[in-house]
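Notes follow the structure.
The values are calculated or read from the model by the stated rules, or taken from the named source; none is laboratory data. Worth saying up front: this structure is predicted, and the values here are computed from it rather than measured. Methodologically, a virtual Cβ is constructed for each residue, glycine included, from the backbone with ideal geometry; neighbour enumeration extends over all protein chains shown. These accessible areas exclude ligands, DNA and RNA; they are computed on the full protein's heavy atoms, side chains included. Shrake-Rupley method; radii C 1.70, N 1.55, O 1.52, S 1.80 Å.
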Amino acid sequence: MLRDVTLGQYFPGNTVVHRLDPRTKILLVVIYIVALFQAQSWIGYGLVTLVTLVCMALSKIKPSSMFKGVKPMLFIIVLTALLNIFYTEGTPVRPGWIITWEGIARAVQMMLRIILLISGTFLLTYTTSPIALTDGLEILLSPLKKLKVPVHEMTMMMSMALRFIPTLIAETDKIMSAQKARGADFETGSLIQRAKALLPILVPLFVSAFKRADELAVAMESRCYHGGEGRTRMKQLVMRPRDYIALVLGLLFLAAMIVLKRVGL
Amino acid sequence: MEPIIVFENVHFNYPGDEKESLHGIDLSVTRGSFVAVLGQNGSGKSTLAKHMNAILVPNEGRVLVDGIDTADESSVLDVRRRVGMVFQNPDNQIVANVVEDDVAFAPENLGVEPKEIRRRVNAALRLVGMYEHRMHAPHLLSGGQKQRVAIAGVIAMEPEIIVLDEPTAMLDPQGRREVVDTAFSLCRGKGMTVVLITHHMEECIDADRVLILSEGRLTADGRPEEIFADKALLEREGLEQPETARLLRELREAGMKFPGEALKIDDCANRIAQALQAEERSRSSWQKSSPKS
Ligand SMILES: Nc1ncnc2c1ncn2[C@@H]1O[C@H](COP(=O)(O)OP(=O)(O)O)[C@@H](O)[C@H]1O
Ligand SMILES: [Mg+2]
């Protein structure tokens with residue numbers, strides 16, 4: 001069950017989307033998010049949805065894996081939708097109801113917005129290996145080093161976090177099974193009871209995470225890690241024609257969205 | 001013979017620990033040799049290992065690696081690139097999500113040219129037999145494969161010494177054999193100096209030298225044949241005789257005659273076969289003088 005969590009997971013592949021430079025993909029995701037927030041009408045949302053579906057098709061990511069990424073957020077999505085349904089003024093669906101046509105429209109659009117936001121960013125992590133992702137991020141953010149922002153340290157922490165997600169998930173699964181075997185019950189009872197039942201999982205998980213961190217630090221030092229200074233990369237990032245084409249397409253998409261917004265669509 | 005690691009009267013205690021974890025260690029490891037270190041839990045084996053690449057430095061005395069004092073902070077990287085360390089838990093020493101990226105980690109830290117890193121990564125992965133798995137995710141490999149990736153990760157630094165701290169403790173028998181065979185091939189084939197810390201006696205049989213550590217002191221130091229023949233010493237240190245030595249001892253106690261010791265399975269089998277043949281011969285020569293039944 002916990003193994004199904006796809007957060008930060010990478011699905012290796014060899015599609016155009018996979019082969020794009022990570023820097024291109026990070027910039028495209030930023031462009032995508034800005035563009036998404038320009039959408040105001042059905043036409044706007046339709047265009048963003050279309051672009052997202054095309055990218056998904058190009059990257060050959062299965063819709064089911066996409067859905068798995070969205071699933072953990074379902075609660076928030078539904079809550080946002082409900083709030084919008086009930087708190088938007090307009091023409092009631094039937095006389096006397098507080099649900100309005102405008103409310104339903106807003107609710108659907110909000111849901112679309114959140115789902116598209118998640119899908120877009122997951123498309124990045126699904127098609128980019130964590131190392132490439134953090135390398136790209138480090139290079140893109142490197143101007144900030146001049147302002148004494150610890151860019152290398154931040155991206156290193158991110159890549160370690162991504163590296164250890166599968167390990168920690170497997171460990172959580174193991175601890176939960178061990179506690180269940182001893183009669184622990186995580187599924188029934190009041191919210192407080194269930195939260196209490198989680199405590200015997202969190203404590204061993206934290207203890208082992210700290211031990212891991214300790215050992216990992218020693219192992220990294222043993223392999224001559226001493227910060228970002230003087231570090232080289234085996235895999236050099238290169239921008240190819242396809243990267244520039246992709247960026248131009250992204251900018252065109254953003255321009256289209258801005259124009260749509262200007263003309264009130 | 002030229003020493004590559006030298007400990008001179010090394011004392012160490014962890015901050016806040018009242019007892020010393022290393023208690024006056026004097027040791028000299030010959031270049032190109034294979035040294036096995038045995039000892040019970042808490043005897044200071046890991047502490048000893050961490051002194052070999054300047055993760056820890058002595059409170060008293062000094063450690064020299066290839067002539068460099070590990071206490072000299074300006075040459076820490078020079079020490080570490082000479083000494084590759086492999087630890088017990090493979091999951092906690094693999095830093096990347098793809099095998100070849102992990103192997104590249106050390107040379108990247110050392111600022112090696114990208115092309116040269118690629119060459120070293122491929123060579124290291126071939127050496128440990130993991131080249132076919134270079135694009136795999138480490139967390140999906142078996143324990144023995146993960147440890148071989150970890151070994152490749154330190155070989156890519158092109159070290160002169162490899163220190164393995166209980167690399168087989170979390171592995172199944174198959175994985176254990178993979179790792180120990182790899183360690184021996186690095187020593188015998190590539191001339192690297194190997195220090196193997198272990199709990200398994202069988203893994204020390206082919207070593208050039210066996211050390212026993214007990215409460216922070218070296219209590220025994222000798223060839224495996226000598227160490228494993230000394231039943232009193234092993235009992236005192238809470239160690240078991242290897243299966244082969246035990247078999248020979250038990251047969252000897254039962255009245256068979258063997259010259260010397262044989263720790264390797266082949267040697268042991270040969271000795272037993274020879275002894276049996278000798279016995280057969282003496283019996284048949286005795287039988288010749290009596291009428292056949
Ligand atoms: N990080 C530490 N802090 C304090 N004491 C430690 C630490 N690591 C080990 N020790 C102590 O040092 C002694 C030797 O430990 P260690 O070298 O890990 O032994 P071994 O590897 O042979 O099991 C033990 O008594 C242990 O409790
Ligand atoms: Mg230890």
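Which translational diffusion coefficient, to the nearest whole µm²/s, is obtained for chain B from the Stokes-Einstein equation, given a Kirkwood hydrodynamic radius over C-alpha pairs, 4 °C and 1.567 mPa s?
62
Can you give the Rg and Dmax of region B:1-86 based on its C-alpha atoms, in angstrom?
Using the Cα atoms of region B:1-86, the pair Rg, Dmax is 12.5, 39 Å.
Carbon and sulfur: what percent of region A:20-78's accessible surface (1.4 Å probe)?
80
For A:23-31, what's the mean count of beta carbons from other chains sitting within 10 Å of each residue's beta carbon?
Taking all residues of A:23-31 together, the mean is 0.
Averaged over peptide B:145-152, how many Cβ atoms belonging to another chain are found within 10 Å of each residue's Cβ?
That average works out to 0.
Please compute how much accessible surface disappears when B pairs with A, both sides summed, using a 1.4 Å probe, and round it to the nearest 100 Å².
Buried area between the two chains comes out at roughly 2900 Å².
Divide the volume of the convex hull of the Cα atoms of region A:1-104 by its number of residues and quote the answer in cubic angstrom per residue.
On the way: hull volume 14.2 nm³, N = 104.
Here the figure is 137 Å³ per residue.
Restricting the calculation to Cα positions, tell me the Rg (one decimal) and the Dmax (whole number) of the protein assembly as shown in Å.
31.5, 124
With a 1.4 Å probe and all protein chains left in place, how much of the accessible area of region A:112-256 comes from carbon and sulfur atoms, in whole percent?
C and S atoms contribute 71 percent here.
Once phi is turned into θ = phi - 60°, what whole-Hz ³J(HN,Hα) does the Karplus curve with 6.51, -1.76 and 1.60 give for every residue of region B:221-237, x standing for Gly and Pro?
7, x, 6, x, 4, 5, 4, 7, 7, 8, 5, 4, 4, 4, 5, 5, 8
May I ask you to find the residues of region A:223-248 that are shielded by at least 30 Å² of accessible area once the whole protein assembly is considered instead of their isolated chain (probe 1.4 Å)?
When all protein chains are present, A:Arg223, A:Cys224, A:His226, A:Arg231, A:Thr232, A:Met234, A:Lys235 each give up 30 Å² or more of accessible surface.
Expressed as a whole percent, how much of the Cα-Cα distance distribution for region A:132-226 exceeds 22 Å? Let's see the in-between values first.
Values: 2220 of 4465 pairs.
That fraction is 50 percent.
Under 5 Å between amide hydrogens, which residues at least 5 positions from B:Thr30 or on another chain qualify, with H placed 1.01 Å from N in the peptide plane?
For B:Thr30, whose amide H was placed from the backbone, the distant partners under 5 Å are B:Ile4.
Could you work out, residue by residue across B:107-116, how many beta carbons of other chains sit within 10 Å of that residue's beta carbon, and then give the average as an integer?
Mean partner shielding for this stretch: 5.
So how compact is region B:145-293: Cα radius of gyration and Dmax in angstrom?
Values for region B:145-293 (Cα only, Rg and Dmax): 20.0, 73 Å.
Give the value in nm², to one decimal: projected area of the alpha carbon convex hull of region B:248-288, averaged over all directions.
Mean projected area of the Cα convex hull: 2.9 nm².
Compute the accessible area per residue over the protein assembly as shown, keeping the other protein chains in place, probe 1.4 Å, unit Å².
Ligands and nucleic acids excluded, the figure is 52 Å² per residue.
Nearest 5 is fine: what % of DSSP beta bridges in region B:3-238 come out antiparallel, could you say?
Looking only at bridges with both residues in region B:3-238, the antiparallel portion is about 55 percent.
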